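Reading through the structure tokens given below for one structure.
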Amino acid sequence: MTANSLSWKKKAWEVIKQREDDFRDLALDILNHPEPGYQETRASKSLVKVLAEEGFATRQPYGGLDTAFRAVRGKGEFPGIYFLAEYDALPGVGHGCGHNLIGPAAAAAAVGAAAVVEETGGSVGVIGTPAEEYLGVEEGKIKLLRAGAFQDVTAALMLHPFTQARVLGSDLGFIACEFNFHGQAAHAAADPWEGRNALEGLIAAFNQINALRQHLTPDVRVHGIIKEGGEAPNIVPDFASGQFMVRAADTDTLEDAYQRVCDCARAGALATGTTLTVNQITTVYNTRINPVLNRLIIENYEQLGIAIDPDPYPMAASTDFGNVSQELPAAMFFIDSHPGGIPWHSPAVAEASGEEKALQAMVQGACVLAGVAVDLLSDPGAVADMQKEFHTHD
């Protein structure tokens with residue numbers, strides 16, 4: 001930390017505190033108007049409006065996505081420190097993952113850091129990333145990466161609601177796919193021998209996957225649903241479709257497990273005389289942990305006088321933030337926003353995402369984000385250490 005950085009942080013934190021009510025109101029508005037992935041029109045426009053009013057240069061659509069955006073302030077391109085905003089909801093559950101807190105926290109952090117960016121140099125901004133939740137299509141950050149939306153980003157930072165304040169230690173990557181079985185329709189009573197039952201092929205695939213589980217490492221998760229399985233019970237189904245997700249703690253294990261799951265589907269097709277087509281929908285990579293950024297996050301919690309568990313958290317879930325972290329230095333941390341023991345992706349999380357505990361943690365997390373940004377903007381040594389750590393594992 002340089003001699004001026006703490007004073008710059010205090011200025012950034014004061015700006016966030018002065019605007020706290022606005023960011024709280026924004027979080028509540030997003031909570032009360034939940035929008036699923038790629039439909040987050042109200043949320044994204046609200047975030048852009050706030051940032052534009054603070055003098056940020058904004059672009060929306062961005063990266064070819066209508067509900068993605070970019071907002072930036074600063075007199076120099078390097079280092080470019082960007083906060084990632086999520087704001088998508090879950091169908092039928094609303095903000096059962098607390099994403100209504102992530103976008104406003106990113107905006108608050110950017111407004112705070114922008115208050116000192118003319119003094120520190122560099123640039124600070126927000127990239128709005130829609131559709132983090134997997135809903136059967138490729139996620140927003142993956143599409144934005146392909147479009148080159150992160151090319152001038154030196155570091156990407158994000159927070160996520162949780163029941164503890166922790167830095168991320170590990171997570172699960174996943175591959176999502178669709179298995180489509182094609183058979184032959186026939187009368188289920190009069191001449192079933194003329195048919196080839198596509199649904200039985202899919203059910204056989206499920207059974208083979210269940211038999212496979214015993215031989216997978218404990219970190220691997222496989223889960224799926226039947227999307228289509230026939231039209232009527234007296235017709236042998238000539239088409240059946242299932243969607244599956246395979247998760248694992250490292251890329252090699254993930255690829256191996258996915259191929260074995262595909263073999264289970266092929267076995268189901270072979271056993272039932274049906275044919276199989278496989279549609280690989282998306283690949284979400286494991287998050288690449290940057291210990292330098294994790295250390296700065298913990299230090300800023302301590303400087304703010306807010307408790308944080310210093311032990312990195314091993315998350316048994318997945319995020320497309322992992323794909324960003326594979327391309328550039330990045331870090332995500334968790335805020336203590338929800339009561340312990342709460343079931344995630346549930347209406348209970350959505351309800352708690354508007355309570356005082358959540359809103360207070362959001363503002364605190366925004367201050368941490370802004371503090372880390374100031375560390376990087378004001379200290380070339382910290383940027384060099386961060387980049388060295390990233391390239392060490394190339």
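Observations, loosely collected:
- Candidates are the residues of the range 47-74 that are within 20 Å of the chain's Cα centre (by Cα) and among the small types (Gly, Ala, Ser); the one that is surrounded by the most Cβ atoms within 10 Å (Cβ to Cβ) is ALA71.
- Residue count, the range 164-185 (criterion: crowded, with 20+ Cβ neighbours inside 10 Å and closer than 30 Å to ILE298 by Cβ): 8
- LYS45 meets the conditions (1) part of a loop (DSSP other than H, G, I, E, B); (2) free of Cβ contacts under 8 Å to residues at least 60 places away in the same chain; (3) not hydrophobic (A, V, I, L, M, F, W, C) in every case but one. The failed one is (1).
- Search result, residues across the range 198-244 that are open to solvent by 40 Å² or more (accessible area, probe 1.4 Å), of a type in the set (S, T, N, Q) and either modelled with pLDDT under 95 or within 33 Å of the chain's Cα centre (by Cα) (or both): ASN207, GLN208, ASN210, GLN214, THR217
- Some residue of the range 105-120 being without any contact (Cβ under 8 Å) to a residue 24 or more places away in the chain and under 15 Å from LEU31 (Cα atoms): no
- Unique residue being farther than 30 Å from GLY136 by Cβ and out of contact with any helix residue (DSSP H, G or I) (no Cβ under 6 Å at 6 or more places or on another chain) when the list is LYS45, LYS10: LYS10
- Considering LEU84, LEU90, LEU51, the condition of being touching a Cys at 6+ places or on another chain (Cβ under 7 Å) and at pLDDT 95 or above is satisfied by LEU90 alone.
- Sole residue being part of a helix (DSSP H, G or I) and touching a strand residue (DSSP E or B) at 6+ places or on another chain (Cβ under 8 Å), chosen from LEU28, LEU84, LEU51: LEU51
- Filter pass, THR41 being at pLDDT 95 or above, closer than 23 Å to LEU377 by Cα and of a type in the set (S, T, N, Q): no
- Condition broken by GLN259, with the remaining ones in (1) in a loop (DSSP other than H, G, I, E, B); (2) open to solvent by 80 Å² or more (accessible area, probe 1.4 Å); (3) within 29 Å of SER325 (Cα to Cα) satisfied: (1)
- Residues of the range 330-358 classified as of a type outside the set (Phe, Trp, Tyr) and open to solvent by less than 10 Å² (accessible area, probe 1.4 Å), total: 10
- Qualifying residue in the range 85-94 (condition: over 23 Å from GLY173 (Cα atoms) and open to solvent by less than 10 Å² (accessible area, probe 1.4 Å)): no
- Among the residues making up the range 122-144, none is among the hydroxyl-bearing types (Ser, Thr, Tyr), more than 17 Å from CYS97 (Cβ to Cβ) and in a loop (DSSP other than H, G, I, E, B).
- Filtered by the rule that a residue be closer than 17 Å to GLY322 by Cα and in a loop (DSSP other than H, G, I, E, B), the range 270-291 gives TYR285, ASN286, THR287, ARG288, ILE289, ASN290.
- The set of residues in the range 98-135 that are open to solvent by 10 Å² or more (accessible area, probe 1.4 Å) and either in contact with a helix residue (DSSP H, G or I) (Cβ under 6 Å, 6 or more places away or on another chain) or closer than 20 Å to GLU356 by Cα (or both) comprises ALA115, THR120.
- For the range 186-197, the count of residues that are within 20 Å of ASP320 (Cβ to Cβ), surrounded by 18 or more Cβ atoms within 10 Å (Cβ to Cβ) and of a type outside the set (S, T, N, Q) is zero.
- Taken together, the residues in the range 273-311 that are more than 21 Å from the chain's Cα centre (by Cα), within 30 Å of LEU135 (Cβ to Cβ) and buried (at least 22 other Cβ atoms within 10 Å of the Cβ) amount to 1.
- Looking only at the range 370-394, and only at residues there that are charged (D, E, K, R) and surrounded by fewer than 22 Cβ atoms within 10 Å (Cβ to Cβ), the one that is modelled with the lowest pLDDT: ASP394
The values are calculated or read from the model by the stated rules, or taken from the named source; none is laboratory data. Note that the coordinates shown come from a computational prediction; the quantities given were computed from them, not determined experimentally. Heads up, the Cβs are rebuilt from the backbone with ideal geometry, glycines too, and the neighbour counts pull from every protein chain shown. These area figures cover heavy atoms from the full protein model, side chains too; ligands, DNA and RNA do not enter into them. Shrake-Rupley method; radii C 1.70, N 1.55, O 1.52, S 1.80 Å.
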